[in-house]
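Values in this text are rule-based calculations from the coordinates and carry no lab data. These numbers were taken from a predicted model, which means no experiment stands behind them. Cβ: placed from backbone, ideal geometry, glycine included. Neighbour counts: every protein chain shown.
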Amino acid sequence: MNMVLQYLIVFVVGGTICLLAQILIIRTRMTSARILVLFELIGVFLQAVMLFEPIKNFAKSGITVPIIGFGASLARGAMEAVKEDGILGIFTGGLTATAAGIAAAVGFGYIFALIFRARSKKS
Amino acid sequence: MDKNKINIAYSKFVEGRLPKTKFFPSLLWAFLVGGLICCIGQGIFDSIAAIFPSLSKDDVQAYTLIILIFLASFLTGIGVYDRIGSFAGAGSIVPITGFSNSIASPAVEFKNEGLIFGLCVKMFSVAGPVIVTGIVSSMLVGLIYYIVGLL
C-alpha cells in the first residue's frame, strides 16, 4: 500500500481513539487510570472476539500503540498459551505476552527516577 | 443543614473551582498528539523492520513498544512529557507512552519519600490497576477459550 496513505491511516485512527478518550475525560471527569483500564479492556474484548487482527492489518500502529494494543496482546497471549499448554496457559499467557512492555516501563521508569529529580510543577 | 445539602453545595463549589478545559481545542490537541505518537511508533516499526529483516513481526512490534516506552520514560524524567500532557490530555494518556509516563512520573515525584515507600509504591498507583485488570481479564479470556475448546 502507498506509504503516505498508510501513515495517514495510522494518524487518523490513533488520533480518533485519543479524541474519543478526551471526550470521555471532559464529559465524565474520568481519571487517567480509569481511561487506561477502560481502553485496555476494549482491547481485550476486541481480541477475544477476533476483531483486533483485521483492524490491526488495516490501521497498524494506529491501533497497536494505544493501550488497546496492550490489552489485545494480553488476550492473544492467553488464547495462544491455552492452545499450547492447556490450563497452565490461562495463568502464563497474558503476562508472558506483555512482559516486554511491563518490564520496560518499570525498569526504565525506575532508572530514570533515580537519575532525574522532580521539578516544581509551575508550568 | 443536613449532610446531603452540604455535600451538594460542596460539589458545586468544587465544580466551580476546577480548571475549565476548552472543549474543542482540547479535542484537537488530543487528536493531533495521539495521531503523532502513533505515527512515530509506525516510523520506528518500519525502520526496525527495514534494518533487521530477519525479525518476526511480533518481535519488531515488541522492540517498537520498548523504544516508545524508553523515550516516554526519558521525556518524563526531564519533565517534558508532563508538559505535553497538560495540553494534549488523552492524546498523551491513551498511547502506550502514557502507560510508561504513569509509571515514571510518580516514581520521579515521590523519590524523596524513600526508595521503597516512595518510589516503588507510588510507581504503581496508576499502572497497578492497569496490570491487575489486564491479568484478571486475560485469565478470564483464557478460561473461556479453554472451555470453548473443550466443547
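Backbone geometry of segment A:55-63 corresponds, through the Karplus equation with coefficients 6.51, -1.76 and 1.60 at θ = phi - 60°, to 3J(HN,Hα) couplings of 5, 5, 5, 8, 9, 6, 5, x, 10 Hz, x marking Gly and Pro. Dipole size of segment B:55-151 about its Cα centre, with +1 on Lys/Arg Cβ and -1 on Asp/Glu Cβ: approximately 60 debye, rounded to the nearest 20. Under the combined filter of DSSP loop state and at most 12 neighbouring Cβ atoms within 10 Å, segment A:1-85 retains these trypsin sites (Lys or Arg not before Pro): A:29.
Does chain B come out rounded, prolate or oblate, given a ≥ b ≥ c as the square roots of the eigenvalues of its C-alpha gyration tensor, rounded meaning a/c under 1.5 and, failing that, prolate meaning a/b above b/c? Note, shape of chain B comes out prolate.
Taking amide H atoms as placed 1.01 Å from N in the peptide plane, list the residues 5 or more away in sequence, or in a different chain, whose amide H sits under 5 Å from that of residue B:78. For residue B:78, no residues qualify. A Gaussian network model of chain A, with springs between Cα atoms under 10 Å, assigns the largest mean-square fluctuation among A:87, A:68, A:17 to A:87. If you run the Gaussian network model on chain A, springs between alpha carbon atoms under 10 Å, then out of A:78, A:105, A:48 the most flexible one is A:105.
Computed about the Cα centre, the dipole magnitude for chain A is approximately 820 debye when only Lys and Arg (+1) and Asp and Glu (-1) carry charge, each at its Cβ. Sequence-distant contacts, meaning Cα pairs under 8 Å at least 6 residues apart, place the relative contact order of segment B:50-113 at 34 percent.
Residue by residue, segment A:78-94 carries 3J(HN,Hα) couplings of 5, 5, 5, 5, 5, 4, 8, 10, x, 4, 4, x, 4, 8, 8, x, x Hz when phi is fed to the Karplus relation 6.51 cos²θ - 1.76 cosθ + 1.60 (θ = phi - 60°); x denotes Gly or Pro.
Classify segment A:3-98 as rounded, prolate or oblate from the Cα gyration tensor: take a ≥ b ≥ c as the square roots of its eigenvalues, call it rounded if a/c is under 1.5, otherwise prolate when a/b beats b/c and oblate if not. Verdict is oblate for segment A:3-98. Evaluated with a Cβ-only charge set (Lys, Arg +1; Asp, Glu -1), the protein assembly as shown carries a dipole of roughly 1300 debye about its Cα centre, given to the nearest 20. From the alpha carbon centroid of segment B:104-151 to that of segment A:42-60 is 22 Å. Indicate the gyration tensor shape class of segment B:73-151 (rounded, prolate or oblate), computed on the Cα atoms with a ≥ b ≥ c the square roots of the eigenvalues: a/c under 1.5 is rounded; otherwise a/b larger than b/c is prolate and the rest oblate. It comes out oblate by the Cα gyration axes. Normalising the average separation of contacting C-alpha pairs (under 8 angstrom, six or more residues apart) by the number of residues puts the relative contact order of chain A at 20 percent.
For segment B:29-41, backbone phi angles converted through the Karplus equation (6.51, -1.76, 1.60; θ = phi - 60°) give residue-by-residue couplings of 5, 4, 4, 5, 5, x, x, 5, 4, 5, 5, 4, x Hz, Gly and Pro being listed as x.
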